[in-house]
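Q: Handing you a structure now.
The values are calculated or read from the model by the stated rules, or taken from the named source; none is laboratory data. Quantities reported herein were computed from a predicted structural model and do not represent experimental measurements. Cβ placement follows ideal geometry from the backbone for every residue including glycine, while neighbour counts extend to all protein chains displayed. All accessible areas refer to the heavy atoms of the entire protein, side chains included, with ligands and DNA or RNA removed. Shrake-Rupley method; radii C 1.70, N 1.55, O 1.52, S 1.80 Å.
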Amino acid sequence: MAAVFLLLLAFVPPTAARYTPDWTSLDGRPLPSWYDEAKLGIFVHWGVFSVPGFDSEWFWWHWQGQQPPDPKCVSYMSRNYPPGFSYPEFAPHFHAQFFNPEEWADIFKASGAKYVVLTAKHHEGFTNWASPYSWNWNSVDTGPNRDLVGDLGDAVRNRSLHYGLYNSLYEWFNPLYLDDKKNGFNTQRFVMKKLLPELYNMVVRYRPEVIWSDGDWEAPDTYWNSTQFLTWLYNDSPVKDTVVTNDRWGAGCACKHGGFYNCEDKYTPGQLPKHKWEKCTSVDTLSWGYRRNMKLKELMELPVIIDDLVSTVALGGNYLLNVGPTADGTIPTVFEERLRGVGAWLETNGEAIFATKPWRVQMENTTIPVWYTSKGATVYAIITARPPTTTLKLLIPKTSLTTKVTLLGIPSPLPWAPVYPKGGLIVLLPDLPSTPGQAWTLKLDAVQ
């Protein structure tokens with residue numbers, strides 16, 4: 001491992017401010033500004049699990065890992081595959097023959113997202129790139145026979161989007177990991193021979209600006225050598241100045257250590273957190289990976305996605321929306337429709353989302369829900385339901401003689417009147433246009 005560190009140190013000259021391998025130092029690193037300004041990202045769960053396309057991306061574990069096995073998964077295999085069929089035999093059927101990274105990147109760009117995070121390796125251990133530490137269990141040696149991570153990265157960056165990679169620390173059935181686990185994580189053969197060399201190689205090769213870590217919960221961060229890796233990442237890696245990381249670096253780290261906080265899947269705080277956070281959620285409410293038997297009622301509807309995005313941003317978070325492509329390399333049409341719908345809404349209302357900050361009050365609910373964001377001296381009031389009347393009362397903003405109210409998408413000022421001498425206003429609304437997400441934004445200038 002010492003040789004690996006020395007080789008990697010040669011890639012980038014040392015910075016003036018150096019971080020040390022402890023959480024006090026690492027947690028003090030300022031988050032690169034691009035991430036907070038971006039607000040919206042697209043998550044992509046794609047791997048061998050896309051071939052069975054059943055249950056979820058946890059199919060292998062539910063079938064052969066957990067005890068007792070999930071009877072639905074056992075039944076699925078017995079009805080559709082011959083006796084003795086093993087999970088690795090799915091890999092050659094991960095053809096990705098219709099994968100067109102340019103088309104994917106066009107869809108992601110059309111969604112309005114500013115960054116994309118692809119699963120480089122999920123818990124099954126299969127890498128979507130030619131990892132030298134995952135022989136014959138990667139997308140170049142088998143299945144697609146191409147570098148999925150690299151191909152999508154090129155297309156995404158050509159559209160001025162930031163590119164990130166998801167990486168699972170643990171691997172369900174890796175013998176080295178299972179040996180370390182059996183030893184109570186007092187040995188680190190998996191970490192030293194597989195995980196860390198692969199992580200370093202991935203960062204140097206693809207230069208991801210997001211490292212979305214996962215699969216950490218079975219062992220402490222000291223087993224994963226997380227602080228040592230992050231020290232190199234922040235001090236000497238090729239992405240030291242732009243990379244952001246999450247908080248999944250060992251048991252007990254979530255919502256406590258790292259860059260931005262995920263805390264848990266689909267995390268939704270009830271109030272404004274003190275630390276930058278991200279909500280990851282999936283269009284398919286039952287899975288992150290593709291399911292061939294998904295039903296429309298199990299998918300997030302577009303107004304629900306918009307409402308979720310708005311409330312997340314108002315509370316200071318980023319929104320990472322997941323889609324699961326098929327094994328043949330296509331993004332299901334219903335997922336594309338949702339992403340393009342988000343983008344259509346943002347074409348008019350993006351001003352109230354991107355590069356905004358939480359306001360002094362994040363939400364009020366007098367007659368309908370109203371979420372607030374701000375940008376400089378401007379406040380945005382985002383209405384996430386159609387008002388029952390032609391007027392809207394906002395009690396929180398403090399108006400002045402120069403207060404101006406407009407509806408994004410309609411440049412003409414709207415009539416308004418104060419509610420109290422020192423605060424609140426009643427706005428006379430125009431006929432609200434139909435929008436993809438059934439949400440509208442009032443722009444309030446010269447309010448407090």
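Q: Would you give the gap between the C-alpha center of the stretch 393-434 and the C-alpha center of the stretch 318-342, rounded to a whole Å?
A: 36
Q: What is the stretch 355-405 by shape, rounded, prolate or oblate, if you read a ≥ b ≥ c off the alpha carbon gyration tensor as root eigenvalues and call it rounded for a/c under 1.5, prolate for a/b larger than b/c, and oblate otherwise?
A: oblate
Q: Counting DSSP beta bridges in the chain, what percent are antiparallel, to the nearest 5?
A: 50
Q: Whose amide H sits under 5 Å from the amide H of VAL116, counting only residues 5 or more places off or on another chain, with H placed in the peptide plane?
A: For VAL116, the qualifying residues are ILE42, HIS162, TYR163, GLY164.
Q: Enumerate by residue number the trypsin sites (Lys or Arg not before Pro) in the stretch 339-437 meeting two conditions: DSSP loop (anything except H, G, I, E, B), and at most 10 other Cβ atoms within 10 Å of the site's Cβ.
A: Passing both the DSSP loop test and the Cβ count: LYS422.
Q: Also, I was wondering about something else. Using a simple spin-label model with points 7 Å from Cα along the Cα→Cβ vector, what separation in nm is obtained for ASN183 and PHE85?
A: Taking the simple label geometry, ASN183 and PHE85 are separated by 3.7 nm.
Q: Probe of 1.4 angstrom, ligands and nucleic acids ignored: what's the accessible area per residue over the stretch 109-188, in square angstrom?
A: 35
Q: If the only charges are +1 at each Lys and Arg Cβ and -1 at each Asp and Glu Cβ, what is the size of the charge dipole of the chain around the Cα centre, to the nearest 20 debye? Could you put the intermediate results ahead of the total?
A: On the way: 40 positive and 44 negative charges, 228 e Å.
For the chain, the charge dipole is close to 1100 debye.
Q: With angles folded into 0 to 90 degrees, how steeply does helix 302-314 sit against the dominant principal axis of the chain? Use alpha carbons for both and round to 10.
A: For helix 302-314, the angle is close to 80 degrees.
Q: Using a 4.7 Å Cβ cut-off, which Cys residues in the chain lack a partner cysteine?
A: Taking the Cβ cut-off of 4.7 Å, the unpaired cysteines of the chain are CYS73, CYS253, CYS280.
Q: Summarise the accessible area of the chain (1.4 Å probe, protein heavy atoms) by the percent that is carbon and sulfur.
A: Solvent-exposed carbon and sulfur of the chain make up 55 percent of the total.
Q: Here is a further query. In degrees between 0 and 90, to the nearest 10, how far off the longest principal axis of the chain does helix 101-110 point, with axes built from Cα atoms?
A: Rounded to the nearest ten degrees, it is 20.
Q: Let me ask something else about it. Per DSSP H run of n ≥ 4, the term is -39500 (n - 2.57); total these for the chain, divide by its residue number, and report the mean residue ellipticity at 222 nm rounded to 500 deg cm²/dmol.
A: After summing the helix terms and dividing by residue count, I get -7000 deg cm²/dmol.
Q: Then there's this: When the chain is fully extended, how far beyond the present Cα-Cα distance does TRP135 get from ARG159, taking 0.36 nm per residue of separation?
A: 5.4 nm
Q: Farthest toward the dipole's positive end in the chain, which of VAL191, PRO69, TYR420, given Cβ charges of +1 (Lys, Arg) and -1 (Asp, Glu) about the Cα centre?
A: Farthest along the dipole direction, towards plus: TYR420.
Q: Could you work out how far helix 148-157 tilts from the main Cα principal axis of the chain, as a 0 to 90 degree angle to the nearest 10?
A: Roughly 30 degrees, rounded to the nearest 10.
Q: Using alpha carbon centroids, what distance separates the stretch 228-264 and the stretch 85-155, in Å?
A: 23
Q: If packing is taken as the average count of other Cβ atoms within 10 Å, what order do 178-189, 238-249, 40-51 fall into, highest mean first?
A: Packing order, densest peptide first, comes out as 40-51, 238-249, 178-189.
Q: For the chain, which longest stretch is free of loop sites, where a loop site is one of the GluC sites (Glu not before Pro) that DSSP puts outside H, G, I, E and B and that has at most 15 other Cβ atoms within 10 Å?
A: 1-217
Q: Suppose all protein chains stay in the model; what accessible area per residue would a 1.4 Å probe give for the stretch 228-376, in Å²? Before the final figure, lay out the partial values.
A: Numbers: 5350 Å² over 149 residues.
Using a 1.4 Å probe on heavy atoms only, each residue of the stretch 228-376 averages 36 Å².
Q: Let's test the formula: R0 of 25 Å, r as the Cβ-Cβ distance of ASP22 and ASP265. What FRET efficiency results, to the nearest 0.05?
A: Efficiency for this residue pair is about 0.35.
Q: Along Cα→Cβ, 7 Å out, is where each label goes; now give me the distance between the ones at LYS295 and THR142 in nm to one decimal.
A: Label-label distance for LYS295 and THR142, simple model: 3.4 nm.
Q: Here is a follow-up. Give, rounded to the nearest 20 debye, the magnitude of the charge dipole that the stretch 360-445 has about its Cα centre when Lys and Arg contribute +1 at Cβ and Asp and Glu contribute -1 at Cβ.
A: 220
Q: Can you tell me, using C-alpha contacts under 8 Å and at least 6 residues apart, the relative contact order of the stretch 241-319 as a whole percent?
A: For the stretch 241-319, the relative contact order is 24 percent.
Q: Next up: Whole number in Å², please: accessible area per residue of the stretch 19-89, 1.4 Å probe, ligands, DNA and RNA not counted.
A: 43
Q: Additional query: Tell me, what does the Kirkwood hydrodynamic radius of the chain come to in angstroms if you use every pair of distinct C-alpha atoms?
A: Details: mean 1/r = 0.0427 Å⁻¹.
Result for the chain, one decimal place: 23.4 Å.
Q: Now for a separate question. Taking amide H atoms as placed 1.01 Å from N in the peptide plane, list the residues 5 or more away in sequence, or in a different chain, whose amide H sits under 5 Å from that of ALA251.
A: Here the answer is ALA219, ASP221, since their amide H atoms fall under 5 Å of that of ALA251.
Q: Compute the Cα gyration tensor for the stretch 154-209, then decide on rounded, prolate or oblate, letting a ≥ b ≥ c be the square roots of its eigenvalues: rounded whenever a/c is under 1.5, prolate when a/b is larger than b/c in the other cases, and oblate in all that remain.
A: Values: a/c = 4.21, a/b = 3.01, b/c = 1.40.
The shape class here is prolate.
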